[in-house]
Every structure is written in structure tokens, then in C-alpha cells.
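Right, one structure below, let's go through it.
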Amino acid sequence: MRKLIYIPIVHTEDDMGSMAEFVKKEYRRKYSRKQWNQHKKTVNELWNEIRKKVLGLNLNWEKVRIYQDGLPVCGKEQDIVKTLAEKGLLNHKLIIELQEKGAVIEGTENPELLLAEYNSIMMIVQAKNLAERDRLIKKYNKVSSELLFKRDHFIADRIDNTLKKGETGILFLGLMHQANKLIEENIKVEYLEV
């Protein structure tokens with residue numbers, strides 16, 4: 001039997017990289033500075049709780065594979081996770097902790113699909129005015145569902161092709177994803193309760 005522990009995640013400000021300032025400004029514009037600060041605090045508390053729960057799992061870590069939202073299949077997965085952990089990203093720091101216990105880091109996403117999404121979002125971030133930004137957001141909204149669907153299919157296939165009999169996968173995946181609905185029936189999906 002194969003098992004997958006599915007952990008829906010919320011991205012921290014640090015996870016957003018070059019888009020963080022844009023997201024912060026938009027959030028503050030829509031809500032307030034106080035609500036942004038509360039949001040950041042809540043997300044960090046959530047990650048502390050996820051970390052505690054994951055480290056408390058009674059698993060044979062040598063038989064665990066880690067799958068991460070946004071981590072491309074590229075041959076440099078270890079370097080990417082290490083670099084992001086060193087920058088303080090809570091999710092990636094946890095992945096390094098799990099690797100130190102014996103877990104294996106797996107590339108999870110199609111790099112071409114990630115790049116397509118990144119480029120679409122960066123066009124919005126770099127819009128010269130509100131009218132252009134609104135136009136680009138509408139354009140992105142038309143294609144984002146299909147792009148997310150393709151990403152989820154790739155993730156589900158990737159898990160099916162790499163998770164071996166007797167192993168447990170841990171999937172950290174953003175709330176908008178629905179890869180859990182595409183996982184093969186011969187993989188038992190469990191959800192981490194936080």
C-alpha cells in the first residue's frame with residue numbers, strides 16, 4: 001500500500017519572492033495594514049503548527065517522499081530547497097528537517113507550467129497602470145483554472161510515478177489546488193489536521 005499525507009498550505013510573504021511587495025500592497029489596499037500584519041502572524045502560526053504536527057508523525061522517514069508546491073522537476077530540487085530554507089522560508093526549512101531525518105525530496109511540478117504561471121503573474125505585477133493591471137488580471141483569470149488543472153494532473157502523475165509500495169508521501173500544496181482529487185485509487189490519501 002502507498003500512502004499520501006496531503007497538507008493544504010498558505011504561502012508566507014517570503015514564499016512570494018519577487019511578487020511579495022505587490023501582494024502586500026494589494027492586500028493593504030483592499031483591507032488594511034493592520035489586517036495584513038494579522039494575516040502574516042496567522043500564516044506564521046499556521047506553519048509552526050504544521051511543523052509540530054509533521055515532526056510528530058510516527059513515520060519511518062527513510063520511506064518518506066516530500067512533494068512541494070512550486071518545486072520543479074529539474075535535477076536541482078535539493079539546491080532549490082536548501083537555498084529557500086537558508087532565506088528563512090518556513091516550508092522549506094521544514095523540508096530540510098525532514099530530509100535530515102531520512103526523507104527524500106522529489107521534484108513535484110512541470111517547470112514549463114510553473115514558468116507560464118509565473119510569467120502571467122509578473123505581467124500583472126509590472127503593469128504600468130491600474131487599467132492595464134485589471135486587463136491582465138481578467139486575462140489571467142481566464143487561463144488560470146486550466147493552468148492549475150494541468151499542474152494538478154502533473155503533480156498527481158508525478159506522485160503516482162515516484163511513490164513506491166510501502167512508502168509515504170507528504171504533499172505540501174496551496175489551497176487552490178485539487179490534486180488530491182486526481183490521486184490514483186491505489187494511494188491512500190490522508191489529511192493532516194491542523
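The values are calculated or read from the model by the stated rules, or taken from the named source; none is laboratory data. Note that the structure is a prediction, hence the values are computed from the model and not measured. Note that we place each Cβ from the backbone using ideal geometry, even for glycine, and neighbour counts take in every protein chain shown.
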Give all pairs with beta carbons closer than 6 Å in which a residue from the range 33-53 that is at pLDDT below 90 meets a residue that is in a helix (DSSP H, G or I); count only pairs at least 6 apart in sequence or on separate chains. W36/Y27; W36/R28
Show the residue pairs that are 6+ apart or on different chains and have beta-carbon atoms under 7 Å apart, the first residue being within the range 105-125 and assigned to a helix (DSSP H, G or I), the second being modelled with pLDDT of 95 or more and not acidic (D, E). P111/P72; P111/V73; P111/C74; L113/K150; L113/R151; L113/F154; L114/P72
Unique residue being at pLDDT below 90 and under 12 Å from L4 (Cα atoms) when the list is E184, E190: E184
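Would you confirm whether any residue within the range 130-148 is within 22 Å of G56 (Cα to Cα) and either touching a residue at least 24 places away in the same chain (Cβ under 8 Å) or under 19 Å from the mean Cα position of the chain (by Cα) (or both)?
Checking the range 130-148: not a single residue is within 22 Å of G56 (Cα to Cα) and either touching a residue at least 24 places away in the same chain (Cβ under 8 Å) or under 19 Å from the mean Cα position of the chain (by Cα) (or both).
Looking at the range 101-124 only, could you name the residues that are of a type in the set (A, V, I, L, M, F, W, C) and surrounded by fewer than 17 Cβ atoms within 10 Å (Cβ to Cβ)? Spell out how you get there, then give the answer.
Looking only at the range 101-124, we keep the residues that are of a type in the set (A, V, I, L, M, F, W, C), and these are 103-105, 113-116, 121-124.
Residues satisfying the conditions are L115, A116, M122, M123.
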May I ask you to list the residues in the range 168-194 that are crowded, with 19+ Cβ neighbours inside 10 Å and either in a strand (DSSP E or B) or acidic (D, E) (or both)? T168, G169, I170, L171, F172, L173
Can you tell me which residue in the range 53-71 is nearest to the chain's Cα centre (by Cα), limited to those that are assigned to a strand (DSSP E or B) and under 18 Å from I9 (Cα atoms)? Q68
Go through the range 126-139 and count every residue that is part of a helix (DSSP H, G or I) and either in contact with a Ser or Thr (Cβ under 8 Å, 6 or more places away or on another chain) or not β-branched (V, I, T) (or both). 9
